[in-house]
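The values are calculated or read from the model by the stated rules, or taken from the named source; none is laboratory data. Values in this document were obtained by computation on a predicted structure and should not be read as measured data. Cβ: placed from backbone, ideal geometry, glycine included. Neighbour counts: every protein chain shown.
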Amino acid sequence: MNKLLAALLSLFLTSCSMFDSRSTEVAFHIPELPEEMQTLEVTSWRVVVTSVDKRREFTAKGKSFKASVPVSGITAVLAYPLGQWGELKPAGFIVHGNLKAHNCMTWDEGFGAECTAFSLAAGAGSENFNFTLFQQKLLEKSEGNPWILNRDKIIYALSYGIFNMNYIKKAESHTLSLPLPGTGTWCSGTPGCIQQFEQSGGYINDLVITEGENIFINMATGEGITVYSDRLTWICISGTTGGLSGTW
């Protein structure tokens, strides 16, 4: 009898494993750039699809793409716009029991999906986690711009299965007047959370820099710069001037 039970249990576990490993190919639709960014030309999209046991990256050319996604479990899907400026923040979609033949990504979900992707890569991913509430709270606590949140704290808590809403905190921010030649209007490279900054007198004035990676684009020329910041220092990578750096 024990041998029979063991055999049945083995068969059950094997069938569960087979079920969990099944994937299906579905379509994901990338949102339009916001009105303020319509003049920018997106040449392609860097797509990253991450589940607990697999990470795939490929390039998409159109406004939609197909990807193979596990039929159960959690999957984070990201689409980063690419152009002459470099790479913008991504649109996102988190698969958690809401998978359809056609799935619409959003800019609002990009930050949460990126955090989820990093935690999945670390081996975490509970199906009991309320991802809908997670995304709502990210938007609520950031006043609509989750990219100003402390991403490292959120990824840490998700990865170790200890996440609660108290881990949603704003990252430290600084104000920087950046010396770059030219004039015009620059905007933050975060679709859906546009901030604009004016350039005059050889400076982009009063850039709001969040600790981590910050992207800014000249809307007239399409030039992009990236500013990396921590608690003490900042580094700016620019095609015009090369590298600039300083301290707070």
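Just the residues that are surrounded by fewer than 20 Cβ atoms within 10 Å (Cβ to Cβ) and either farther than 22 Å from Glu109 by Cβ or in contact with a Pro (Cβ under 9 Å, 6 or more places away or on another chain) (or both), please, taken from region 212-226. Matches in region 212-226: Met219, Ala220, Thr221, Gly222, Glu223, Thr226.
The condition (being more than 16 Å from the chain's Cα centre (by Cα) and basic (Lys, Arg)) is satisfied by just one residue among Lys89, Lys63: Lys63. Going by what's in this entry, would Lys153 be described as within 29 Å of Arg231 (Cα to Cα), outside any helix (DSSP H, G or I), of a type in the set (D, E, K, R) and in contact with a Phe, Trp or Tyr (Cβ under 9 Å, 6 or more places away or on another chain)? So Lys153 fails the test.
So that you can scan it fast, the table gives a plain yes or no per residue for (1) hydroxyl-bearing (Ser, Thr, Tyr); (2) within 14 Å of the chain's Cα centre (by Cα):
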site	(1), (2)
Leu33	no, no
Glu36	no, no
Glu41	no, no
Trp45	no, yes
Ser51	yes, no
Ala76	no, yes
Gln84	no, no
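For Gly189, indicate whether it is crowded, with 20+ Cβ neighbours inside 10 Å and more than 22 Å from Ile74 (Cβ to Cβ). The answer is yes for Gly189.
With the requirement that a residue be of a type outside the set (Ser, Thr, Tyr) and either buried (at least 23 other Cβ atoms within 10 Å of the Cβ) or modelled with pLDDT under 95 (or both), what does region 75-88 give you? The answer is Ala76, Val77, Leu78, Ala79, Pro81, Gly83, Gln84, Trp85, Gly86, Glu87, Leu88.
Let's see how each residue does on (1) part of a strand (DSSP E or B); (2) outside the structural domain of Thr116 (by TED's automatic domain parsing); (3) at pLDDT 90 or above; (4) of a type in the set (Ser, Thr, Tyr):
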position	(1), (2), (3), (4)
Ser177	yes, yes, yes, yes
Cys187	yes, yes, no, no
Phe197	yes, yes, no, no
Phe216	yes, yes, yes, no
Ala220	no, yes, no, no
Thr226	yes, yes, yes, yes
Trp234	yes, yes, yes, no
Thr240	no, yes, no, yes
Gly243	yes, yes, no, no
